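Working notes, beginning with the structure itself.
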Amino acid sequence: MRLTRYFLPTLKENPSEAQIVSHRLMLRAGMIKQQAAGIYSWLPMGHRVLKNIEQIVREEQDRAGAHEVLMPTIQPADLWRESGRYDDYGQEMLRITDRHERDMLYGPTNEEMITDIFRTHCKSYRDVPVNLYHIQWKFRDEVRPRFGVMRGREFLMKDAYSFDLDAAGAKRSYNKMFVAYLRTFERMGLKAIPMKADTGPIGGDLSHEFIILADTGESEVFCDKRWLEMGLTGRNVSYDSDLEPIFQELTGIYAATDEMHDPANCPIPAEDLVTRRGIEIGHIFYFGEKYSKPMGAMVSTPDGEQVPVHMGSYGIGVSRLVGGIIEASHDEAGIVWPESVAPFPVGLINLRSGDADCDAASADLEAKLTAAGKEPLYDDRDERAGGKFADMDLIGLPWQLIVGPRGLKNGVVELKNRASGERDELSIESALAKLTG
RNA sequence: CGGGGUGUAGCGCAGUCUGGUAGCGCGCUAGUUUUGGGAACUAGAGGCCCCCGGUUCGAAUCCGGGCUCCCCGACCA
C-alpha cells in the first residue's frame, strides 16, 4: 500500500481531549476519530488492527468448538421482560421506541436473545453441549465514558454462550473457554491473568476476569508474583482432553480483583503478593439456570424429563483490546505493534522518492513482499526523510525497511526492528529473506 | 449523578479581566532551494470565536439560559 494513496491522517501534536497514552497514540496515528463521548469512527489503520484482533479471537473460538452466529444490535424489549432485566438494567441500556411505539433497545449484551435462539431449536439432551458466539457492536450508555476505546459507550465485543445438560457439562464448557482465552491473549502478545471475580448483576457462582497489568488500568488487582512469569505459555492443549487439571493448576496460583481480594485473609504471604493496576479484557461466567429457567430453555433428558439447561457466557472486549495492547506495548516514539495484530507487517521507507534508482528498488521490494504475503506500507511521499521515520515510529509497524541512494550504491538496504530498535544493513535479498522467511 | 474545568482555522493555543470588528505555531496549497532520523525561504487559502437570548452605537470579550467535550469521584454483564 502506497502512503500517497492511503488514508492515514497522522498528527504531530497531542489532541487535548486524550489523556491516556493509548488514546493519544490512536488519535495521532490516524486510527480513530471521536464522534461523540465514547463513540468512535475507525479509520483505515485502526480498522485493520481491529479486524486482526477480531480474527484471532474468531480462530480461537472456532478451535475451541464454538460456532459463530450474528445477532442484531437492536433487540425487542419483550425478551428482556421475560428475564426480568428490562427493569433491572437501568440507565445504561439505551432504550428506543420504533414508529409503532414498540419498545426496543440497543443490545448491551445478548443472554436473552441467544437463549431465545436456543429454546426455539434445541429440545433434547442430544442437542447439547453447544456454544454459540458472535462478534457484534454493543452499546452501554455509561455515565462517564473515558480512556478512548478502552471505555467507550459503543464497543465491539465477542460474546459466547454455552448450553449444557448439567453443571458438570457446563464446567467443561467453562474450562474450554478458560483455555481458549489464555491462548487468544497470548497470540496477541499479552500477559492476561485470570482472576477470581465477582459475578455482578449477571449472577451465578463461577467467574473469572482476564486482566492485563498496566499503570493506566481502571482498578487495583492482586496476584502471586509467580504470575509475572507464567501462563499457558504456548502449551498445546487438546480441547478433547480433560481441562480440569490445567484449570486447577492456573487458578491455584493466587490472583484476584479488588472486589474479591480480602487483605485480612490473603492466602499468600505479603512478600509474594503483587499489587498493580489492571485492564479487564475478558470475563467468563457460569450462571447455571439463571436465564434458561425464566425463559423456558428446556431440554429432555434421556429419561424424558424436562430440565432447564445450564449456561455460561464469555466475553472479550475486541475494541478495548486495541487500546489495551497499545497500553502494554508502546514507547516514547509511538506504538509498538506485536506482529500478530500489526496493521502492516513492514513499513517501506523510500528515502528519496523521485530518484529513479530508489523508486525502482522500492517498487521491486513492494512487489516481492506483497507476493510473499507481507504487503508493506510503502512511504513513497516526496518529502524529507525525517518525517517519514517519525511517522513510521508513531504507527509502530514491526519492521522498517529503508531504501536510500547511499545504501543502494553498495547494494544494501537497512532493516530496523521497531521493538528492539536494532538496525542492520543487509543485501536486498537477505532483507527479503528475513522478512518473508 | 456530585465536584472541577473547557469550547476561537484541521490540530495545539493566545486574545476575554479592561467591549472597538480575530491572531500565533503546526498542518494545508503554490513556487524555489533541499533531502540518510520531525528542512528552509517566499507567497497564499482557511473562522456562524459552541448555541439561543439580553445589555450596548458596537460583543469572542459583559449578563442569563442551554449544550459539548475533558478530569476526579460514585457507577461499570
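The values are calculated or read from the model by the stated rules, or taken from the named source; none is laboratory data. Given the structure is predicted, the values throughout are model-derived calculations rather than measurements. Reconstructed Cβ throughout: ideal geometry from the backbone, glycine too, with neighbour counts over all protein chains shown.
The table that follows gives values for the structure above.
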{"read-out": "Matching entry among A:275, A:257 (being surrounded by fewer than 15 Cβ atoms within 10 Å (Cβ to Cβ), hydroxyl-bearing (Ser, Thr, Tyr), under 21 Å from residue A:213 (Cα atoms) and touching a residue at least 40 places away in the same chain (Cβ under 8 Å))", "value": "A:275"}
{"read-out": "Residue in the stretch A:282-289 that is in a helix (DSSP H, G or I) and within 16 Å of RNA strand B (Cβ to nearest atom) present", "value": "no"}
{"read-out": "Number of the exception - residue A:270 against (1) farther than 22 Å from residue A:206 by Cα; (2) surrounded by 12 or more Cβ atoms within 10 Å (Cβ to Cβ); (3) of a type in the set (Gly, Ala, Ser)", "value": "(2)"}
{"read-out": "Residue match in the stretch A:28-38 (condition: more than 30 Å from residue A:241 (Cβ to Cβ) and assigned to a helix (DSSP H, G or I))", "value": "yes"}
{"read-out": "Cβ-Cβ under 8 Å pairs, at least 6 apart or on other chains, the stretch A:45-60 side among the polar types (S, T, N, Q), far side at pLDDT 95 or above", "value": "A:52/A:340; A:52/A:341; A:52/A:342; A:52/A:343"}
{"read-out": "Considering residues of the stretch A:28-41 that are under 24 Å from residue A:389 (Cα atoms) and touching a residue at least 40 places away in the same chain (Cβ under 8 Å) only, the residue farthest from RNA strand B (Cβ to nearest atom)", "value": "A:31"}
{"read-out": "Residue within the stretch A:280-303 that is over 30 Å from residue A:122 (Cα atoms), under 32 Å from the mean Cα position of the chain (by Cα) and touching a residue at least 12 places away in the same chain (Cβ under 8 Å) present", "value": "yes"}
{"read-out": "Qualifying residue in the stretch A:112-127 (condition: closer than 30 Å to residue A:36 by Cα, in contact with a helix residue (DSSP H, G or I) (Cβ under 9 Å, 6 or more places away or on another chain) and in contact (Cβ under 8 Å) with a residue 40 or more places away in the chain)", "value": "yes"}
{"read-out": "Condition broken by residue A:152, with the remaining ones in (1) crowded, with 22+ Cβ neighbours inside 10 Å; (2) free of Cβ contacts under 8 Å to residues at least 12 places away in the same chain satisfied", "value": "(2)"}
{"read-out": "Number of the exception - residue A:233 against (1) away from RNA strand B (no atom under 12 Å from the Cβ); (2) closer than 30 Å to residue A:90 by Cα; (3) of a type in the set (S, T, N, Q)", "value": "(2)"}
{"read-out": "Residue match in the stretch A:13-20 (condition: of a type in the set (Val, Ile, Thr) and modelled with pLDDT under 95)", "value": "yes"}
{"read-out": "Selected residue (only one of A:215, A:205, A:127 is surrounded by fewer than 20 Cβ atoms within 10 Å (Cβ to Cβ) and more than 19 Å from residue A:115 (Cβ to Cβ))", "value": "A:215"}
{"read-out": "Residues (of a type in the set (A, V, I, L, M, F, W, C) and part of a strand (DSSP E or B)) located in the stretch A:133-151", "value": "A:135, A:137, A:139"}
{"read-out": "Near pairs, Cβ below 6 angstrom, 6+ apart or cross-chain, from the stretch A:323-352 (closer than 19 Å to residue A:215 by Cβ) to any residue that is charged (D, E, K, R) and within 13 Å of RNA strand B (Cβ to nearest atom)", "value": "A:333/A:393; A:334/A:393; A:336/A:418"}
